[in-house]
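Read the structure below first, then the notes.
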Amino acid sequence: MTGKIRGISGPTVHVDLKGLKLFERVYVGRDMLTGEVVRLQEDGAVVQVYESTSGLGVGEPVKGAGMPLTVRLGPGIISGMFDGLQRPLERLRDVMGPFIISGREIYAIDYTAKWLFSPSKKIGDDIAPGEIIGFVQERQFKHFITARNTTSKKLSWIADGEITLGDSFARFEDGEEIMGCFEWPVRIPRPYRRKLPSSGALVTGQRSIDFLFPFARGGTAILPGGFGTGKTVLEQAIAKFADVDIVVYVGCGERGNEMAEMIEEFQTLKDPWSGKQLMERTILVVNTSNMPVAAREASIYTAVTMAEYYRDMGYHVLFLADSISRWAEALREISASLEEMPAEEGYPTYLASRLAGFLERAGVVETMSGAIGSLTMILSVSPPGGDFTEPVAQACLRTGGVFLMLDTSLAHRRHFPAINWFQSYSLYSKKTTLYYNDKVSPEWEKMQLRCREILQKEESLREIAEIIGIEGLQDADRLLMKVAGMVRTDFLSQNSFTEDAFSPPEKTFSIIKGILDFYDSELGKLKEKPSHVE
Amino acid sequence: MRLSEHRYRTVSSLAGSLLFVQNVFEARIGEVVNVLAPDGRSMVGEVLRIEGGTVLVEVYGETSGLDIGHTTVVFTDSVRKAPLSPEIIGRVFNGSFEPIDGAPMFIPEKQEPVNGFPINPAARARPREFIETGYSVIDGLNTLVKGQKLPIFSCAGLPSKEMVAGILTNARLTEGGGKFTVVFAALGLTFHEYSYYMEVLEGMKTGFVAFANMADKPVMERLLAPRFALTAAEYLAFDKGMDVLVIITDMTNYCDALREISTSREELPGRRGYPGYMYSDLASLFERAGRIRGGKGSVTMLPVVTMPEDDITHPIPDLTGYITEGQIVLSRDLHQVNIFPPVDVLPSLSRLMQKGIGAGRTREDHRSISNHLYKYYAAGRDLRRLEAIVGRDAMTKNDILMLDFADAFEREFVNQGLSRRSISETLDTGLDLMKRFSLDTS
């Protein structure tokens, strides 16, 4: 089915092709640029092109792919680096050199690579939909191969041993085959049996998060902050040290140098939990700010689909996007080129519902094969001018479970992570505190309350101290100021570039306990000897 | 590919720099067109939008004098390209890449599209090699490294021009570095500024490529000039293996041109009337900085942004800050007390500094000196507020010491007038200062 280009305006292309479906993938022009049908009209369709349209001409051919925008799912994704359309960047570099020239499709998965398949089912077994039939070893992970039949069927043949992804892994009696990899539309969430309430804390190794604003497995967190507040550094620190199996990191409209830095670090640093190289548990999706805007919009969907795929095998997956504001801006640009009615600040009215729909893909689930897997999401937000009343930050606030406000004034004082302890919150606090009470110390919750109290008191004392000077305060208050200072600099601050970058909960606890014990003993001395402190 | 040029006289409407041409056969987006006015003038334009046979063309010249009926539009079947040759070094061009230094046009070795192509993130090398600007406050505390983009946030009336001139003449690599060139793009220049910069460039003789877009030139040229400059920079860096420092001044003029054109295209305005795609547009320039793994050469960028109303949250500095790897912020207060360069150390930041300093790059003690200077200065600055309330006499001895240190730091370390300091001199100045105040530097 081919047609012709009739008109072009920025990334949107009008084509005269009929019989397309909404959101069908389309190849546009002689260079076969990838696009997606966003609107159908009586006389043709409007296509959103995911690559630069510079040089594209009217009259060039257009072809429908017969299926929506998909990603390829199968062994070999882990430690890969992809663009927003899941093209493997390393192989792209080997083929076309250091610059990305548009219009070239390279499969994300290498079909010729050999894998060792260990079947867990045998001929004659009944296979229910979504059941596991065996696994291949992908780095340190068992990559489970699942059946995708819709009704229960009997196996007539199953492979064993060395196999490539182009081969059939098993066959049913009616001839249907199970392949090692398949395509899945990015905008449709992967199926599961049921969603479960989020359980257990997700340890990040960041003291201020684990102690004051804990994350839950299967939860969502948002990190808004102006530029220079350390969003990226914090996200990357979490990506490095979080207690999860697999990390999917999306560099969405951000800096290329930052990604180069991250790749280099992830290839050298070790995962503190497994001892393996960090890159061996990481999938990177990179769409830097100068790569096509429309692909930036697709990139978070590409990434989350891969994350869900590993969740479906019963793994705990962490999804991080930096930054969701750039995604929203891409959405705005596309919306404008479609001449849709804009809402606040030019963003389309469906911004909030799209975002909510996306965040709902997080969660703890019982998978089709009965395992428990989780997908946790952390999104950074870059509010223009550091103004949190803007539409993207507001839309995130309504759905995010943890809100970590990154503060410009803390960043200027070089207090990192610059998490503002008054404005931030975690809706998972109750449940996760029980977890830490149980796993680390029964005193966890008590310490947490005292820590908050000290910080709160310091704030009110600080105002007084600014007027009358610190010398004018009472001894007990001066002691509190001193202790609060210790909490801020020795406990809440954490340098991401030193050994201290990762703080296990036990260490977190022992530091705060040390500080509070010091406070208690000094308080005791004060009571004995009311005129002296130091 | 078309076999011949296509010429049309079917202009159906004209508005500002935009014109519609009817019944065009197979135009391309971004295609370069030549517009021939009835009086014989020729201008360049670009295809912006196509709807069937109707093509919207943006003209890069003065459109007064164009009409419907006699104006001819020639479609060239090619996107906008920059002519390139090693001979561009030492030359001065206008915003349309035509020589304005009196010498004849060079013979291009090749032509490259001005928009360039994004560097594959997997092919990028991490920036980590030091570039010496000659200013202590940059080299010592906010170090610039090859492949970085570090803007200067200035305010109207501050001597950013003099600072740029200093960097133009003083920037160099440390010993053993490769071949170094500055590409200088000046956008929306007044004649006063133009003559100032020309004098500076004449003094340099070579080692630069300059693009000067004057304030009275059509705004489209303002959008084009930095793209020519960056295409030239990429060519020198990645084809010729040179280390190129691109200085663009003033990005505020660029953004205003972008807004003007966006409005004339009747696009939806974003914050303060700037188009919603300004982030992506700025990124398409700034992200061209970088290094390539396994390859020689680098493109480093130092754009100057004048913050309207001295407001760092204004969309121009704000979006710039989100794209670049740090910022150098100038301060009116320091300028008032005659400190040059008037860089405010506290909000300034170079994100890529950590890997670019230390043994083998600058000096072993660089990190420690820079951290200590920052810490003591920040403490001193904090105390100034207290001093204003309680007065100097009511403060402790140690607090007074910190206050005095902060003053001395501004006067002796930040302030250096027109002199050039090597990185060694910079670090020694900082170290001596701290020793004089008997501050702990370990």
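The values are calculated or read from the model by the stated rules, or taken from the named source; none is laboratory data. The model shown is predicted, which means the values in this text are computed figures rather than measured ones. For neighbour counting, all protein chains shown are included, and Cβ atoms are generated from backbone atoms with ideal geometry for every residue, glycine included. Keep in mind that these areas ignore ligands, DNA and RNA; they rest on the heavy atoms of the full protein, side chains included. Shrake-Rupley method; radii C 1.70, N 1.55, O 1.52, S 1.80 Å.
Against the criterion of being on the phi > 0 side of the Ramachandran plot, touching a residue at least 24 places away in the same chain (Cβ under 8 Å) and out of contact with any strand residue (DSSP E or B) (no Cβ under 6 Å at 6 or more places or on another chain), B:Gly417 qualifies.
Only a single item in (1) buried (at least 22 other Cβ atoms within 10 Å of the Cβ); (2) over 22 Å from A:Lys231 (Cα atoms) is not met by A:Pro342, and it is number (1). Apart from one condition, A:Leu379 fits all of (1) within 14 Å of chain B (Cβ to nearest Cβ); (2) touching a residue at least 60 places away in the same chain (Cβ under 8 Å); the exception is (1). The set of residues in segment A:136-182 being touching a residue at least 40 places away in the same chain (Cβ under 8 Å) and not in a strand (DSSP E or B) consists of A:Arg139, A:Gln140, A:Ala159, A:Asp160, A:Leu165, A:Gly166, A:Gly180, A:Cys181. Taken over segment A:251-278, the criterion of being more than 20 Å from A:Leu406 (Cα to Cα), hydrophobic (A, V, I, L, M, F, W, C) and open to solvent by less than 40 Å² (accessible area, probe 1.4 Å) is satisfied by A:Met259, A:Ala260, A:Met262, A:Ile263, A:Phe266, A:Leu278. Evaluation of B:Asp216 against the conditions (1) under 13 Å from the mean Cα position of the chain (by Cα); (2) more than 14 Å from every other protein chain (Cβ to nearest Cβ); (3) under 27 Å from B:Val59 (Cβ atoms) shows that the sole unmet condition is (1). Looking across segment B:80-124 at every residue that is buried (at least 18 other Cβ atoms within 10 Å of the Cβ), in a loop (DSSP other than H, G, I, E, B) and charged (D, E, K, R), the one that is farthest from the other protein chains (Cβ to nearest Cβ) is identified as B:Arg91.
Filtering segment B:291-309 to residues that are among the aliphatic types (A, V, I, L, M) and more than 9 Å from chain A (Cβ to nearest Cβ) leaves B:Val299, B:Met301, B:Leu302, B:Val304, B:Val305, B:Met307. If you filter segment A:144-166 down to residues that are surrounded by 15 or more Cβ atoms within 10 Å (Cβ to Cβ) and farther than 21 Å from A:Asp126 by Cα, you find that the one that is nearest to the chain's Cα centre (by Cα) is A:Leu165.
Residues that are within 11 Å of another protein chain (Cβ to nearest Cβ) and farther than 11 Å from A:His14 by Cα within segment A:37-53 comprise A:Glu51, A:Ser52, A:Thr53, listed in sequence order. For B:Asn23, the conditions (1) part of a loop (DSSP other than H, G, I, E, B); (2) of a type in the set (S, T, N, Q); (3) closer than 22 Å to B:Ile261 by Cα; (4) touching a residue at least 12 places away in the same chain (Cβ under 8 Å) are fulfilled apart from (3). Condition check for A:Gly275 on (1) within 16 Å of A:Ser323 (Cβ to Cβ); (2) over 15 Å from the mean Cα position of the chain (by Cα): one failure, at (1).
Residues in segment B:383-434 that are open to solvent by 40 Å² or more (accessible area, probe 1.4 Å), closer than 27 Å to B:Ile131 by Cα and either of a type in the set (A, V, I, L, M) or assigned by TED's automatic domain parsing to the domain that holds B:Val137 (or both): B:Leu418 alone. Looking at B:Leu352, B:Leu330, just one residue is more than 14 Å from chain A (Cβ to nearest Cβ) and under 23 Å from B:Asn170 (Cβ atoms), and that residue is B:Leu330. Checked against the criterion of being within 14 Å of another protein chain (Cβ to nearest Cβ), in contact (Cβ under 8 Å) with a residue 40 or more places away in the chain, out of contact with any helix residue (DSSP H, G or I) (no Cβ under 8 Å at 6 or more places or on another chain) and crowded, with 17+ Cβ neighbours inside 10 Å, the candidates A:Leu89, A:Leu20, A:Leu56 yield just one match: A:Leu56. Cβ-Cβ distance below 8 Å, separation of 6 or more or different chains: which pairs start in segment A:462-482 with a residue that is part of a helix (DSSP H, G or I) and end on one that is of a type in the set (Lys, Arg) and open to solvent by less than 80 Å² (accessible area, probe 1.4 Å)? Between residues of segment A:462-482 that are part of a helix (DSSP H, G or I) and residues that are of a type in the set (Lys, Arg) and open to solvent by less than 80 Å² (accessible area, probe 1.4 Å), the close pairs are A:Ile470/A:Arg478; A:Met481/A:Arg462. Does A:Glu528 satisfy the condition of being open to solvent by less than 80 Å² (accessible area, probe 1.4 Å) and either touching a strand residue (DSSP E or B) at 6+ places or on another chain (Cβ under 6 Å) or charged (D, E, K, R) (or both)? Spelling it out, it is not the case that A:Glu528 is open to solvent by less than 80 Å² (accessible area, probe 1.4 Å) and either touching a strand residue (DSSP E or B) at 6+ places or on another chain (Cβ under 6 Å) or charged (D, E, K, R) (or both).
Being farther than 26 Å from A:Ser496 by Cα, within 11 Å of chain A (Cβ to nearest Cβ) and part of a loop (DSSP other than H, G, I, E, B) is a description that applies to B:Ile312.
Conditions (1) within 28 Å of A:Met377 (Cβ to Cβ); (2) within 14 Å of chain B (Cβ to nearest Cβ), marked per residue:
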residue: A:Thr408; (1), (2): yes, yes
residue: A:Gln423; (1), (2): yes, no
residue: A:Ser429; (1), (2): yes, no
residue: A:Thr433; (1), (2): yes, no
residue: A:Glu453; (1), (2): no, no
residue: A:Gln474; (1), (2): no, no
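Within segment B:29-75, the residues that satisfy the criterion of being under 29 Å from the mean Cα position of the chain (by Cα), of a type in the set (A, V, I, L, M, F, W, C) and open to solvent by less than 40 Å² (accessible area, probe 1.4 Å) are B:Ile29, B:Val32, B:Val33, B:Met43, B:Val47, B:Leu48, B:Val57, B:Val59. Across segment B:352-381, the qualifying residues are those that are among the polar types (S, T, N, Q) and either open to solvent by 20 Å² or more (accessible area, probe 1.4 Å) or in a loop (DSSP other than H, G, I, E, B) (or both), and the one among them that is nearest to B:Leu141 (Cα to Cα) is B:Asn371. Condition check for A:Arg281 on (1) out of contact with any Gly (no Cβ under 9 Å at 6 or more places or on another chain); (2) over 20 Å from A:Gln137 (Cα atoms); (3) in contact (Cβ under 8 Å) with a residue 40 or more places away in the chain; (4) crowded, with 24+ Cβ neighbours inside 10 Å: one failure, at (2). Note on segment A:105-117: among residues that are more than 27 Å from the chain's Cα centre (by Cα) and surrounded by 15 or more Cβ atoms within 10 Å (Cβ to Cβ), the one that is farthest from the other protein chains (Cβ to nearest Cβ) is A:Phe117. Counted as qualifying within segment A:220-335 are the strands (runs of 3 or more DSSP E) with 3 or more residues that are within 14 Å of chain B (Cβ to nearest Cβ), namely A:246-252, A:282-287. Residue-level analysis places B:Pro317 among those that are more than 8 Å from chain A (Cβ to nearest Cβ), under 18 Å from the mean Cα position of the chain (by Cα) and surrounded by 21 or more Cβ atoms within 10 Å (Cβ to Cβ). Selection within segment B:132-147: residues that are assigned to a loop (DSSP other than H, G, I, E, B) and either under 13 Å from B:Gly358 (Cα atoms) or more than 14 Å from chain A (Cβ to nearest Cβ) (or both). The member of this set that is nearest to the chain's Cα centre (by Cα) is B:Thr133.
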